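K.L.:
My structure is below; once you've seen it, I'll send some questions.
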Amino acid sequence: LQWNYRIRKTTFRYQDIRCLDSTRVILQNRSNDYIHANWINSADGRRFICAQGPMEGTVGDFWEMLVQEGCRTIIMLCALIEGWRTCSTEKRLSSIQEKCDVPVL
């Protein structure tokens, strides 16, 4: 299993969880093509993107990925409070839902 060590560490919420180069989503038409997201293939042939919740510095990348890959639904599977801090992902995803026709579940 390999991952690219040249990626900016500011794109990781957790330093010990990385995307595999072989399955990661690649942002097109840019010098830094990295986003913390991987393609997952289901048993019935459908493909999904699993991504960490966008952080302050990666919200634009997250938007770009949604548009680029034609995402129609976002399913959030995370706690709103992580340890001692509140996760602001819910607020960011709510703003995404308000600005486009993408349901957030």
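K.L.:
When you go through ILE40, ILE35 one by one, which is the residue that is hydrophobic (A, V, I, L, M, F, W, C), exposed (fewer than 14 other Cβ atoms within 10 Å of the Cβ) and either in contact with a strand residue (DSSP E or B) (Cβ under 9 Å, 6 or more places away or on another chain) or not in a loop (DSSP other than H, G, I, E, B) (or both)? Can you show your working first?
P.N.:
On the way: ILE35 fails: exposed (fewer than 14 other Cβ atoms within 10 Å of the Cβ).
Going through ILE40, ILE35 in turn, just one is hydrophobic (A, V, I, L, M, F, W, C), exposed (fewer than 14 other Cβ atoms within 10 Å of the Cβ) and either in contact with a strand residue (DSSP E or B) (Cβ under 9 Å, 6 or more places away or on another chain) or not in a loop (DSSP other than H, G, I, E, B) (or both): ILE40.
K.L.:
Just give me the residues in segment 43-57 being in a strand (DSSP E or B) and either surrounded by 10 or more Cβ atoms within 10 Å (Cβ to Cβ) or touching a Lys or Arg at 6+ places or on another chain (Cβ under 6 Å) (or both), in sequence order.
P.N.:
As a first pass, look at segment 43-57 and keep what is in a strand (DSSP E or B): 47-51.
Listed by number, the residues that qualify are PHE48, ILE49, CYS50, ALA51.
K.L.:
Based on this model, can you work out whether ILE49 counts as modelled with pLDDT under 85, touching a strand residue (DSSP E or B) at 6+ places or on another chain (Cβ under 6 Å) and of a type in the set (Val, Ile, Thr)? Spell out how you get there, then give the answer.
P.N.:
On the way: modelled with pLDDT under 85: no; touching a strand residue (DSSP E or B) at 6+ places or on another chain (Cβ under 6 Å): yes; of a type in the set (Val, Ile, Thr): yes.
Against the criterion (modelled with pLDDT under 85, touching a strand residue (DSSP E or B) at 6+ places or on another chain (Cβ under 6 Å) and of a type in the set (Val, Ile, Thr)), ILE49 does not qualify.
The values are calculated or read from the model by the stated rules, or taken from the named source; none is laboratory data. This is a predicted model, so every value here is computed, not measured. Heads up, the Cβs are rebuilt from the backbone with ideal geometry, glycines too, and the neighbour counts pull from every protein chain shown.
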